[in-house]
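These notes are about the structure you will find just below.
The values are calculated or read from the model by the stated rules, or taken from the named source; none is laboratory data. Keep in mind it's a predicted model, so treat the numbers as computed, not measured. For neighbour counting, all protein chains shown are included, and Cβ atoms are generated from backbone atoms with ideal geometry for every residue, glycine included. What goes into the accessible areas is simple: the full protein's heavy atoms, side chains included, and nothing from ligands, DNA or RNA. Shrake-Rupley method; radii C 1.70, N 1.55, O 1.52, S 1.80 Å.
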Amino acid sequence: MTDVRPLRDAGAAPPVRRRRRMTRRARRDALVFLAFAAPNLVLIAMFTYRPLFLNIQYSMLDWTLGASTATFIGLDNYIEFFSSDAGLTSLRITAVFTLLTVGGSMVLGLLIALALNVNIPGRTLARSAVFAPYVLSGVGVGLVWLFIFDPNFGVLAWILRQMGLGSPQWFLDPQMSLVMVIIVYVWKNLGYCAIVYLGGLQSLSQDIMQAAQLDGAGAVRRFFSISLPLLSPTTFFLLITTTLNSLQAFDLLRIMTPTGRGTNTMIFESYLQAFGGYSRAGYSATISVLLFVILIVMTVAQILFVERKVHYS
């Protein structure tokens, strides 16, 4: 067939594309978006990003809390943190606390989720009881557990005496203080992991489970070969959220160990440096900036490396 379309002259200029003008409806939608988003953006800028940049500025000052003057010292506060025993100790305690609380909450939460996934009477009440500690105030939980861990009159001391054992000095021994707050923190937060894991278990395809069972796979084999890999998105989500929460844990530490003896994580050390008698606002800001950097680095690392092993289907 002959192409009858008109040919453009070789010397003719290419057609000019006209820019689409924003229609009246598009302008109205943009104005509505700005009307709703602008107040939130202003609040975020004022109460999130402005304090963040001011904190970075304060971290380079030698500033006593409440003083009207401050001295610019550059990176001296950062050098002091990484060269002092107190700074390295708080970094080590933060790593130990985060590792044990995240691991303990996720492992125990998964085991409890498996138990709650069984179709037995009273499972709804059991699920509510497991999740209840997570929504309780950290201050209230800390006060209750103080009485439980009391080495003289606490419930735990009484149980140990019945077994012929003595109670550890939870409040005087720095290592036992750290163990104490880790136990309480895991107890308080494992309900969150259990409920999230329970939702993941209930969303798994039962057809796959039944097919594996017909093929002769036992319960343990089905869990490690099918359930656990399919729960990888849930595990990845919990790994990020529980890590961020553990790095920012403060209320339990403040109530159960007010002086930070053996439990001075970075966020608690920042509080102690500013409001615990030292009044070193500049050094406290330095610790906060370093903790912020650690949070960003760990989150990005988990997204880049851990997410590769996540199976979304």
For the stretch 255-298, which residues satisfy the criterion of being of a type in the set (Ser, Thr, Tyr), in contact (Cβ under 8 Å) with a residue 40 or more places away in the chain and within 18 Å of PHE97 (Cβ to Cβ)? THR257, THR263, THR265, SER288
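Okay, residues lined up against (1) at pLDDT below 85; (2) among the aromatic types (Phe, Trp, Tyr); (3) under 35 Å from the mean Cα position of the chain (by Cα):
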site: ALA10; (1), (2), (3): yes, no, no
site: VAL16; (1), (2), (3): yes, no, no
site: MET22; (1), (2), (3): yes, no, no
site: PHE36; (1), (2), (3): no, yes, yes
site: ASN40; (1), (2), (3): no, no, yes
site: LEU54; (1), (2), (3): no, no, yes
site: LEU61; (1), (2), (3): no, no, yes
site: ALA70; (1), (2), (3): no, no, yes
Since ALA132 meets every condition but one in (1) at pLDDT 90 or above; (2) more than 27 Å from PHE250 (Cβ to Cβ), which condition does it not meet? (2)
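Does the stretch 244-253 hold any residues that are surrounded by fewer than 20 Cβ atoms within 10 Å (Cβ to Cβ) and either over 18 Å from PHE171 (Cβ atoms) or basic (Lys, Arg) (or both), and which are they? Before you say what the answer is, go through the steps one by one.
Narrowing the stretch 244-253 to residues surrounded by fewer than 20 Cβ atoms within 10 Å (Cβ to Cβ): 244-245, 248, 250-251.
Answer for the stretch 244-253, where residues must be surrounded by fewer than 20 Cβ atoms within 10 Å (Cβ to Cβ) and either over 18 Å from PHE171 (Cβ atoms) or basic (Lys, Arg) (or both): LEU244, ASN245, GLN248, PHE250.
Does LEU75 satisfy the criteria of being modelled with pLDDT of 90 or more and either over 16 Å from LEU290 (Cβ atoms) or open to solvent by 70 Å² or more (accessible area, probe 1.4 Å) (or both)? Steps first, answer last, please.
Values: modelled with pLDDT of 90 or more: yes; either over 16 Å from LEU290 (Cβ atoms) or open to solvent by 70 Å² or more (accessible area, probe 1.4 Å) (or both): yes.
Judged against the criteria, LEU75 is a match.
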Checking MET176 against (1) over 20 Å from the mean Cα position of the chain (by Cα); (2) under 23 Å from THR94 (Cβ atoms); (3) open to solvent by 80 Å² or more (accessible area, probe 1.4 Å), which single condition isn't satisfied? (3)
Does PHE153 satisfy the condition of being more than 17 Å from the chain's Cα centre (by Cα) and either touching a residue at least 12 places away in the same chain (Cβ under 8 Å) or part of a loop (DSSP other than H, G, I, E, B) (or both)? yes
Name every residue in the stretch 128-155 that is loosely packed, with under 15 Cβ neighbours inside 10 Å and under 30 Å from SER203 (Cα atoms), in order of residue number. SER128, ALA129, ALA132, VAL135, LEU136
Taking the stretch 105-127 and the residues there that are touching a residue at least 24 places away in the same chain (Cβ under 8 Å) and out of contact with any Phe, Trp or Tyr (no Cβ under 7 Å at 6 or more places or on another chain), the one that is surrounded by the most Cβ atoms within 10 Å (Cβ to Cβ) would be SER105
With the first residue restricted to the stretch 213-234 and required to be touching a residue at least 24 places away in the same chain (Cβ under 8 Å), and the second required to be part of a helix (DSSP H, G or I) and open to solvent by 60 Å² or more (accessible area, probe 1.4 Å), Cβ contacts under 7 Å at 6 or more apart or on different chains are SER232/LYS309
For LEU272, only one of the following conditions fails: (1) farther than 30 Å from LEU114 by Cβ; (2) open to solvent by 40 Å² or more (accessible area, probe 1.4 Å); (3) out of contact with any Phe, Trp or Tyr (no Cβ under 6 Å at 6 or more places or on another chain); (4) outside any loop (DSSP other than H, G, I, E, B). What is its number? (2)
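Give LEU201, LEU291, LEU252, LEU244 a once-over and let me know the one that is within 30 Å of VAL118 (Cβ to Cβ) and not acidic (Asp, Glu). Walk me through it before giving the result.
Numbers: LEU291 fails: within 30 Å of VAL118 (Cβ to Cβ); LEU252 fails: within 30 Å of VAL118 (Cβ to Cβ); LEU244 fails: within 30 Å of VAL118 (Cβ to Cβ).
Within the list LEU201, LEU291, LEU252, LEU244, the selection yields LEU201.
Rundown of residues vs (1) surrounded by 15 or more Cβ atoms within 10 Å (Cβ to Cβ); (2) under 26 Å from ARG92 (Cα atoms); (3) aromatic (Phe, Trp, Tyr), yes/no style:
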| residue | (1), (2), (3) |
| --- | --- |
| GLN210 | no, no, no |
| VAL220 | no, no, no |
| PRO229 | no, no, no |
| THR234 | yes, no, no |
| GLY282 | yes, yes, no |
| SER288 | yes, yes, no |
| VAL293 | no, yes, no |
